[in-house]
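Structure first, then comments.
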Amino acid sequence: MALTTGQRDAVTRAYMRTVVGEPCAFVKSVLRTAVDNVDDWCDSAATTVPGTSYNASLNAGFRTTATSAQKAALLALVCWWRSGRTLPEGQ
């Protein structure tokens, strides 16, 4: 099941807290759009083989500037939230 807008916002905040020490060349709005991209990609992957790769599903601003580790962290956080496990705010 897709995340709600509030859950997507929470994933964005959790990502910023989790990846806080790493340099990045993208802004918050690009990250937030990437959360939407990942959640939408997970929806398509849940029912059938997705038509695009995970990397190709990301917006160009995030895809071209985030490291492989940052992309993996975002996928992990979205999947974590989709599984019903959340992180308390501030953690």
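The values are calculated or read from the model by the stated rules, or taken from the named source; none is laboratory data. Here the structure is a predicted model, which is why all the values come from computation and not from measurement. Note: ideal-geometry Cβ built from the backbone for every residue, glycine included; neighbour counts use all protein chains shown.
Descriptive notes on the structure:
- Candidate set: the range 3-22, residues that are part of a helix (DSSP H, G or I) and over 19 Å from Ser83 (Cα atoms); chosen: the one modelled with the highest pLDDT: Met16
- Test: residue in the range 23-40 that is over 11 Å from the mean Cα position of the chain (by Cα), among the polar types (S, T, N, Q), under 14 Å from Val78 (Cβ atoms) and part of a helix (DSSP H, G or I): no
- All positions within the range 54-90 that are surrounded by 14 or more Cβ atoms within 10 Å (Cβ to Cβ), closer than 21 Å to Thr5 by Cβ and among the charged types (D, E, K, R): Arg82
- Condition met for Thr12 (out of contact with any Leu (no Cβ under 9 Å at 6 or more places or on another chain) and among the β-branched types (Val, Ile, Thr)): no
- Residue match in the range 37-53 (condition: at pLDDT 90 or above, loosely packed, with under 12 Cβ neighbours inside 10 Å and either over 20 Å from Trp81 (Cα atoms) or among the aliphatic types (A, V, I, L, M) (or both)): yes
- Output for the range 1-26, where each listed residue is of a type in the set (A, V, I, L, M), surrounded by 11 or more Cβ atoms within 10 Å (Cβ to Cβ) and in contact with a helix residue (DSSP H, G or I) (Cβ under 8 Å, 6 or more places away or on another chain): Ala2, Leu3, Ala10, Val11, Ala14, Met16, Val19
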